[in-house]
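Take a look at the structure set out below.
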Amino acid sequence: MWRGTRQADTAGTAPKPQVTNEVEANVDEEKLAKYLLSCNINFVTGAVTGRMLSILMKSLARKSKQIDKHHRFKQEGRSEDGELYFIYVDESGDTGIEKSPTNWFALSGLVLHELRWLETLNALIDFRRFLKEKYGLKLREEIHSTEFIHRPGELARIPKYQRLLILGDVLNFEARLPGVSVLNVIVDKRNRPEGYAVFENAWTMLLQRFHNTIDNRNFPGPQNAEDKGLVLTDRTMASKLQKLLRQKRRHNPVPFKRPMSGYKDIPLVSIVEDPINRDSRDSYFIQLADVNAYFLYQRYQPNKYVLAQGARNYFVRLDPVLCKVASRSDPHGVVIG
């Protein structure tokens with residue numbers, strides 16, 4: 001607390017605070033700086049001690065930085081508080097090891113900042129209207145890639161080659177979206193020992209990259225001081241994923257890069273809440289993630305129809321929005337486990 005006294009200044013200068021060494025040694029620096037600022041002191045020799053002047057100058061410097069940061073964030077449309085990145089995730093393949101018809105398990109996540117969510121949804125609705133006009137695909141009809149191509153049901157009214165064109169148009173649409181990023185993981189299940197945890201390893205790699213990219217501010221779009229992430233996924237092994245994320249938020253051992261050995265603990269604290277499960281029929285965003293995961297898988301293990309139609313590399317159409325910082329060893333940033 002301030003306990004100085006003021007003396008009249010016959011020369012017309014501002015009052016000079018007088019403090020004892022005892023007060024100066026115990027004063028709260030922030031309170032002192034505020035007091036000095038409020039006094040509008042005219043600094044003449046002896047008016048303040050060197051330490052008091054140092055405190056005041058530091059306070060002024062901090063205030064200046066705060067003002068600069070506020071104006072910079074305002075100009076860039078950013079907030080000084082944290083906001084959310086959504087990641088909409090879907091999979092392709094299966095997690096089985098024994099007698100599985102697939103050699104790979106793929107996860108793909110569409111990442112979108114909350115400040116871009118509404119404008120992206122509006123663009124997506126306009127795109128679905130375009131698909132309706134061009135192909136007759138109703139807005140309420142789900143795009144689920146495997147069924148879309150091989151088990152179309154009512155969608156059989158649309159020729160098969162056109163259904164494949166629709167999926168290609170989906171990728172082209174995503175590639176032009178501003179402020180989105182696509183994060184990808186694929187696990188090679190061949191030659192894995194019995195009991196290898198495909199699901200846990202694939203999801204750990206995806207969640208870890210999601211956390212790291214938020215933490216290092218490498219996603220496009222708005223970037224705020226304390227951004228967090230929220231996971232939204234199709235209803236697949238919900239309780240298993242919930243348990244995994246809760247564990248990784250508390251303890252997440254990551255091996256050091258070679259030649260170093262050992263582990264470091266990097267808890268996934270940037271990811272908040274349990275994963276939110278959505279029915280893909282009700283989420284256009286999950287449907288985009290489904291198409292991405294399908295063609296990620298087809299890049300590694302294409303089916304006969306995709307091969308015959310020359311669609312094996314459709315995944316590369318996403319190149320402008322791929323999260324390439326997720327993996328330095330793959331030109332498209334795919335994390336391969």
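Figures for the structure shown
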| read-out | value |
| --- | --- |
| Where a residue in the stretch 322-337 is on the phi > 0 side of the Ramachandran plot and its partner, wherever it lies, is part of a loop (DSSP other than H, G, I, E, B), with Cβ under 7 Å and at least six apart | 333/323; 333/327 |
| Residue 177 being assigned by TED's automatic domain parsing to the domain that holds residue 104 and within 16 Å of residue 253 (Cβ to Cβ) | no |
| All positions within the stretch 257-280 that are closer than 21 Å to residue 84 by Cα, in contact with a strand residue (DSSP E or B) (Cβ under 7 Å, 6 or more places away or on another chain) and not hydroxyl-bearing (Ser, Thr, Tyr) | 266, 271, 272, 273, 275, 276, 277, 278 |
| Which listed residue is more than 18 Å from residue 205 (Cα to Cα) and surrounded by fewer than 18 Cβ atoms within 10 Å (Cβ to Cβ), from 250, 246, 299, 235 | 235 |
| Of all residues making up the stretch 275-292, the number that are charged (D, E, K, R) and under 17 Å from residue 205 (Cα atoms) | 0 |
| Subset of the stretch 211-247 that is over 11 Å from the mean Cα position of the chain (by Cα) and acidic (Asp, Glu) - its residue that is nearest to residue 174 (Cα to Cα) | 234 |
| Wholly within the stretch 248-325, strands (runs of 3 or more DSSP E) carrying at least 2 residues that are under 19 Å from the mean Cα position of the chain (by Cα) | 276-278 |
| The listed residue being more than 21 Å from residue 306 (Cα to Cα), assigned to a loop (DSSP other than H, G, I, E, B), aliphatic (A, V, I, L, M) and in contact (Cβ under 8 Å) with a residue 12 or more places away in the chain, out of 207, 183, 177 | 177 |
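Yes/no matrix, rows are residues, columns are (1) touching a helix residue (DSSP H, G or I) at 6+ places or on another chain (Cβ under 7 Å); (2) closer than 30 Å to residue 190 by Cβ; (3) among the hydroxyl-bearing types (Ser, Thr, Tyr):
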residue: 100; (1), (2), (3): no, yes, yes
residue: 103; (1), (2), (3): no, yes, no
residue: 110; (1), (2), (3): yes, yes, no
residue: 115; (1), (2), (3): no, no, no
residue: 138; (1), (2), (3): yes, no, no
residue: 142; (1), (2), (3): yes, no, no
residue: 150; (1), (2), (3): no, yes, no
residue: 159; (1), (2), (3): no, no, no
residue: 164; (1), (2), (3): yes, yes, no
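The values are calculated or read from the model by the stated rules, or taken from the named source; none is laboratory data. Not measured: the values here are computed from a predicted model. Please note: Cβ atoms are built from the backbone with ideal geometry, for glycine as well, and neighbour counts cover all protein chains shown.
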